[in-house]
Amino acid sequence: MSFVSSSVVVRVPATSANLGPGFDSLGLALSLHDRVTARVTGTGIRVRISGEGADELPTDEQHLVAKTMLTTFDKLGGRPDGIDLTCENSIPQARGMGSSSAAIVAGILLARRLTEGGDALLDDADVLRLAAEIEGHPDNVAPCLLGGFTIAWAGSSSSGARAVRLDGVRNVMPVIFVPVQRGYTAQARAVLPENVPLVDAAFNAARAALLVHALTESPELLFDATQDRLHQEYRAAAMPETAKLVAALRGNGIAAVLSGAGPSVLAIVPDDKGLIAEAEGQCPDGWRAQLLPISTGAHVS
């Protein structure tokens with residue numbers, strides 16, 4: 001294998017998955033980005049981190065970007081002797097905003113670009129499949145890679161994860177509410193039941209279909225379209241402050257949902273300054289509200 005000598009920079013967005021009824025399938029890319037610079041070096045792995053996670057994330061091969069790069073290099077045919085990484089992080093860690101998916105997508109794209117002929121060896125569909133395989137599900141990696149509003153699903157055992165980006169999302173603005181406390185996906189999944197009532201499954205199927213229409217055509221339907229019976233109620237007891245904020249926002253007619261596995265909350269608001277201000281004004285103490293337009297996805301330079 002041969003590698004390029006210049007540095008490569010990737011910019012990857014935060015994401016919010018599920019969006020209420022679209023459990024493990026729907027996702028939205030948000031305009032809050034991590035920026036990672038990588039180059040091949042003579043020996044060893046060195047990671048420098050600034051911003052979110054700077055004082056706690058590993059600075060060796062255990063860093064998720066570095067670990068993902070090594071996995072990707074193996075699939076491409078061979079590892080370089082060393083890697084130098086500079087991570088400028090803006091995405092909060094363990095808040096349900098796709099920080100791990102961003103790291104995984106960044107690692108794959110960096111390794112592909114640093115490898116001579118990498119684009120031919122690993123196409124975009126392969127990138128999505130590998131990212132979903134590493135992350136465990138595709139609902140965050142899909143919008144991180146593709147941008148915008150995405151629908152992801154598991155294909156056959158041979159085809160792996162697949163996704164489509166729906167262009168035409170308009171007249172909506174995401175507002176994210178981020179708490180001080182953290183949450184962890186594994187713990188949030190542990191409280192979910194193995195089986196759900198058929199009536200709840202049917203309810204969510206209808207709402208997920210309606211949400212696609214609401215986001216692309218009729219934002220006035222967002223409140224009904226973001227109702228969920230598959231995961232949020234089961235997770236409420238584990239994150240009571242999150243559940244309280246979702247209930248308060250929805251009690252005022254705002255389409256609010258758990259962001260990913262939480263504990264952050266996403267409000268999807270029609271693009272009206274008054275409604276956006278109303279949503280932001282309901283941010284409780286100990287949280288911060290941030291207006292984040294929809295991102296176009298990962299970018300490599």
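No value in this document is a laboratory result; all are computed from the given coordinates. Fair warning: this is a prediction, and the values are worked out from it, not measured in the lab. All Cβ positions, glycine included, derive from the backbone under ideal geometry; neighbour counts span all protein chains shown.
Here are a few things to note about the model shown:
- Taking the range 8-167 and dividing mean pair separation by its residue count, relative contact order in percent (alpha carbons under 8 Å, at least six apart): 28 percent
- The protection proxy used here, the mean number of other Cβ atoms lying within 10 Å of each residue, ranks peptides 266-273, 253-260, 15-22 as follows, highest first: 15-22, 253-260, 266-273.
- Partners for Lys273 among lysines (Cα-Cα distance below 28 Å; same-chain residues under 8 apart left out): Lys244
- Per-residue packing, averaged as other Cβ atoms within 10 Å, sorts the ranges 78-86, 6-14, 132-140 into the order 132-140, 6-14, 78-86, beginning with the highest.
- For the chain, adding -39500 (n - 2.57) for each run of n ≥ 4 DSSP H residues and dividing by the number of residues yields -10000 deg cm²/dmol at 222 nm.
- Gain in span if fully extended, Asp124 to Asp84, counting 0.36 nm per residue against the direct Cα distance: 12.0 nm
- Of all lysines in the structure, those lying under 16 Å Cα to Cα from Lys67, and not within fewer than 8 positions of it along the same chain, are Lys75.
- Acute angle (nearest 10 degrees) that the helix 198-216 long axis makes with the longest principal axis of the chain, alpha-carbon atoms: 70 degrees
- For Cα extents along the principal axes in Å, calculated from these coordinates, the label among [x] 72, 41, 33; [y] 68, 62, 39; [z] 58, 42, 35: [z]
- Per-pair calculated FRET efficiency, R0 = 22 Å: Glu233 and Glu280 via Cβ, rounded to 0.05: 0.30
- Here the calculated FRET efficiency for Val300 and Ala154, from their Cβ-Cβ distance with R0 = 22 Å, stands at 0.25, rounded to the nearest 0.05.
- Taking θ as phi - 60° and the Karplus parameters 6.51, -1.76 and 1.60, the scalar couplings of the range 131-148 work out to 4, 5, 5, 6, 6, x, 7, x, 5, 8, 5, 5, x, 4, 7, 8, x, x Hz in sequence order, x denoting glycine and proline.
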